[in-house]
Amino acid sequence: MTPGRPTTLAAGRIAVRRASRETRAWLRWHWDHGQNLPPAATPSVVVTDEGAGEPPPSAEVRIARGDRDAMEWAGAGDEWWGGELGRSVRLVLGGAPFEVHACSPVRPEGGTHWLAVHLALTEAMRAGGYLPMHAAVIERAGVATAIVGPSGAGKSTAAMAAARRGWRVVAEDLAWVDPGAMTVHRWDRGIRLHDDSYRRLGAERGARAPHRDEGGKRRLPYAGLGDAGSCSSATLAHLVVLGPREDGATRREPLAPRDRVRALWEATGAPFTDRGRAMAAAGVQRLLEELSFELVRVGSDSAFPAGR
């Protein structure tokens, strides 16, 4: 990708125009997973380095929350500013396609700026009808189960254990859900594992230990699982919330209706624009109507046996 040359990401949903080499490189690494999504006929989001401008003095302030970080955004209606100095990124949702104006970062590390670009693109995808889902997702016979819970609940471990019993891994940490089609699509690059888990699964797959990520985990690429061990998309039919571990056998319980709502909003995140909120609410409602829900307290046996 070169500056000024139009290119597309996310299976044609994101068009990049007049963006710096630095911006294109960041987008390619973090958002070029389009092979996992069905192709789009036209882009729904355009990314450009045209000036972001500044929010008006009367702008409302809202909080956007990512997987681990939160950020203030200022704006109103369909126009919002965030990032470095509160204005390095501008999100416009009022037209078609949506726009993300991303200048080059002020600080060399650019952490705040790139977080703002990520949050803006995530919000634009929400406004376009997709839901981000922070979950491990496994599949059997074309039907997917999303495994959700707080950090450290054991989502990755449960997905690994299921893979040993014939399930395929769709995603270990992040996926996109299309509520209209009830499909789920991978949006991460591999299974992140602590050293002891990596030694077990990596040795089984004959994989070399990769570099650690920022959290200290190793990442096993999905290619290391082979076609029999992973797939990139499936029909989403079940959602499992991991509860506290059990000393004895695994226990399964129905999930109360209000806990279903909470689990879905915690897994899909909090939109910060009115358009994003409306589309996310419609998507969550669709999932509430179509999915089956369980609370699973994992014990000494497998939570996802081969016969399921």
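A single member of Gly202, Gly276, Gly206, Gly229 is of a type in the set (Gly, Ala, Ser), at pLDDT below 70 and surrounded by 13 or more Cβ atoms within 10 Å (Cβ to Cβ), and it is Gly202. Among the residues making up region 155-169, those that are out of contact with any strand residue (DSSP E or B) (no Cβ under 8 Å at 6 or more places or on another chain) and among the charged types (D, E, K, R) are Arg164, Arg165. Checking Arg126, Arg90, Arg68 one by one, the residue that is touching a His at 6+ places or on another chain (Cβ under 6 Å) and under 27 Å from Ala282 (Cα atoms) is Arg90 and no other.
Residues in region 234-246 that are within 22 Å of Val177 (Cα to Cα) and either acidic (Asp, Glu) or at pLDDT below 95 (or both): Leu242 only.
Per the listing Ala102, Ala120, the residue uniquely touching a Ser or Thr at 6+ places or on another chain (Cβ under 7 Å) and either aliphatic (A, V, I, L, M) or within 25 Å of Pro150 (Cα to Cα) (or both) is Ala102.
Here the condition is being closer than 19 Å to Gly128 by Cβ and either among the charged types (D, E, K, R) or within 22 Å of the chain's Cα centre (by Cα) (or both); of Arg275, Arg258, Arg251, Arg245, it holds for Arg275 alone.
Residue under question is Arg275, and the condition is that it be under 21 Å from Gly180 (Cα atoms) and touching a Phe, Trp or Tyr at 6+ places or on another chain (Cβ under 7 Å); does it hold? The answer is no for Arg275. Restricted to strands (runs of 3 or more DSSP E) entirely inside region 1-106, those with at least 3 residues that are within 18 Å of Gly269 (Cβ to Cβ) and either in contact with a Gly (Cβ under 6 Å, 6 or more places away or on another chain) or touching a residue at least 24 places away in the same chain (Cβ under 8 Å) (or both) are 60-65.
If you go through region 114-154 and keep only what is surrounded by fewer than 24 Cβ atoms within 10 Å (Cβ to Cβ), under 13 Å from Val241 (Cα atoms) and in contact with a strand residue (DSSP E or B) (Cβ under 8 Å, 6 or more places away or on another chain), you end up with His134, Val148, Gly149, Ala153, Gly154.
Cβ-Cβ distances below 6 Å connect the following pairs, each with a first residue in region 276-295 that is of a type in the set (Val, Ile, Thr), a second residue that is modelled with pLDDT of 95 or more, and a separation of six or more residues or different chains: Val284/Leu264. Might you let me know whether region 281-297 holds any residue that is among the hydroxyl-bearing types (Ser, Thr, Tyr) and surrounded by fewer than 16 Cβ atoms within 10 Å (Cβ to Cβ)? Yes, region 281-297 contains at least one residue that is among the hydroxyl-bearing types (Ser, Thr, Tyr) and surrounded by fewer than 16 Cβ atoms within 10 Å (Cβ to Cβ).
Only residues that are buried (at least 16 other Cβ atoms within 10 Å of the Cβ) and either outside any helix (DSSP H, G or I) or modelled with pLDDT under 95 (or both) were counted across region 247-269, and they come to 3.
The values are calculated or read from the model by the stated rules, or taken from the named source; none is laboratory data. Remember, predicted model here, so these are calculated numbers, not experimental data. Every residue, glycine as well, gets a Cβ built from its backbone with ideal geometry; the counts of neighbours run over all protein chains shown.
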